[in-house]
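Below is one structure, written out as structure tokens, with a few remarks after it.
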Amino acid sequence: MDGTETTFRSSEGFVRGDTMLAPEQVTVMMRLQQLGWGTKRIARELGCDRKTVKRYLRQGAWQAYRQPQRSRALDGLEVWLAERFRRHRGNADVVRQELATEHGITVSLRTVERAVVGLRRELAAEARATVRFETPPGRQLQIDFGATGVVIGEEVVRVHLFVATLGYSRRNFVAVFRHERQTTWMTGLERAFAHFAGVPREVLMDNARALVTRHDRETREVTFNERFHAFARYWKFKPQACAPYRARTKGKDENGVGYVKKNALAGRRFASWEALEAHLVAWMRDIADVRIHGTTGERPIDRFTRIEAASLQPLEGRPPYHQVRELRRKVHAEATVEIDTNQYSVPWRLIGTSVTVEMSAGMVRVFQAGVEVARHEQANGRRQRVLDPGHLAGIVGSRVGTHHPVPPSRVEPAVPEPELLRPLTEYEAVIGGGW
């Protein structure tokens, strides 16, 4: 009689060599028992073992065979496996090595690969996915560089395209450079700010070495290049770096680089570098700004003019960052900071602390913890003191009282004021002897 031979013990008690009967055979077995047949007669009639008949009769009905659940070496480590598999970017062999060193579990590479097959599919899907960030007006600018070959004159020149895209209006700015260095990133941003006549509250970028010193994949802690961070403070925007190895999460500017390559440059020749730059300016105005955007359904220039332009931070007439000197200085005991042999006063309560000094457009501005605490006109000569008497208000010997107006900053020779000098006898009394 047809049947299936089992090879494992199941919860129903089947053992190796037992015959699993078909449902209709078990139905006949039950019917014969109701007619008074014994197990021996039923077994002979159906051509199976008497023990098989007894088991089915004890169950009372046919039941499907279920594969027994066996414990596996990696049971209970699902969360750990997922974390390590992502940390090592899908390298199952590294996970296998760490299983041995951290958990004392030695398994084959094939065992690990079977355990993470679902995770591998997830990583592959994430790598292909593009997450689109919808941001409010004036909130975000996304930037990127892309390189391509362009025919200039009679030769193919490798050019570097800086592309900036406003998150809300999708308005683009494009600039072309001969290299991709920190100076070009910052120059491209400043030209974008000028093009949009404003500064967004944050700038999103990938993890370019010129901008990002360190980005931890697990904690998402980002350390920006010190000079670029100072540039961001100067222009008052917050830098943001996308997740490591996930540059596509920026979305808009990644697409913007491809759009410029395929639409503005593909198949074109230019007589000179200046002709290329002029073409890009005209292309932004006549093509990119006035196209109907596939996502918003509007022209970027209309969406920008109507809503986003007013949401950007004003430029406030700030000169380019490369014209600005930023220095760190410690405040002297005379409540001054020294720059190029000249001394500039700061509030006396900052004596001994470190401050940031910015010099641009003939002005010296002093900041402490990001707050401006002093401002002076830059001295033209050397070894001069530029003082604001108000910075000494409230200390012994100050000539500034509560009933007198504070005069503006004045320039004096770099000689300590008599009122601030102590007689030598006071120091003799402290140390217990003469000089």
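The values are calculated or read from the model by the stated rules, or taken from the named source; none is laboratory data. Small disclaimer: the values here were computed from a predicted structure and weren't measured. Glycine gets a Cβ as well: all are built from the backbone with ideal geometry, and neighbour counts include every protein chain shown.
Some notes on this structure:
- Listing of helices (runs of 4 or more DSSP H) fully contained in region 78-128 that carry 2 or more residues being surrounded by 16 or more Cβ atoms within 10 Å (Cβ to Cβ): 78-87, 92-103, 109-115
Residue-wise test of (1) among the hydrophobic types (A, V, I, L, M, F, W, C); (2) more than 22 Å from residue 280 (Cα to Cα).
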| position | (1), (2) |
| --- | --- |
| 162 | yes, no |
| 172 | no, no |
| 177 | yes, no |
| 188 | no, no |
| 203 | yes, yes |
| 223 | no, yes |
| 227 | no, yes |
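- When residues in region 93-116 are screened for being closer than 12 Å to residue 74 by Cβ and within 26 Å of the chain's Cα centre (by Cα), 1 of them pass.
- Considered as a group, the residues in region 174-231 that are assigned to a helix (DSSP H, G or I) and aliphatic (A, V, I, L, M) include one that is modelled with the lowest pLDDT, and that residue is 230.
- Pair list, Cβ < 8 Å and 6+ apart or interchain, from region 89-100 residues that are of a type in the set (A, V, I, L, M) to residues that are surrounded by 14 or more Cβ atoms within 10 Å (Cβ to Cβ) and outside any helix (DSSP H, G or I): 92/116; 94/88; 95/88; 95/116; 99/74; 99/77; 99/105; 99/107
- Residue within region 325-337 that is modelled with pLDDT under 95, of a type in the set (Gly, Ala, Ser), within 27 Å of residue 196 (Cβ to Cβ) and not assigned by TED's automatic domain parsing to the domain that holds residue 229 present: no
- In the set (1) modelled with pLDDT of 75 or more; (2) of a type in the set (Val, Ile, Thr); (3) part of a loop (DSSP other than H, G, I, E, B), the condition left unmet by residue 7 is number (1).
- Sole exception among (1) in a loop (DSSP other than H, G, I, E, B); (2) modelled with pLDDT under 90; (3) surrounded by 12 or more Cβ atoms within 10 Å (Cβ to Cβ) for residue 69, by number: (3)
- Which listed residue, of 364, 281, is within 30 Å of residue 152 (Cα to Cα) and either touching a residue at least 12 places away in the same chain (Cβ under 8 Å) or not assigned by TED's automatic domain parsing to the domain that holds residue 395 (or both): 281
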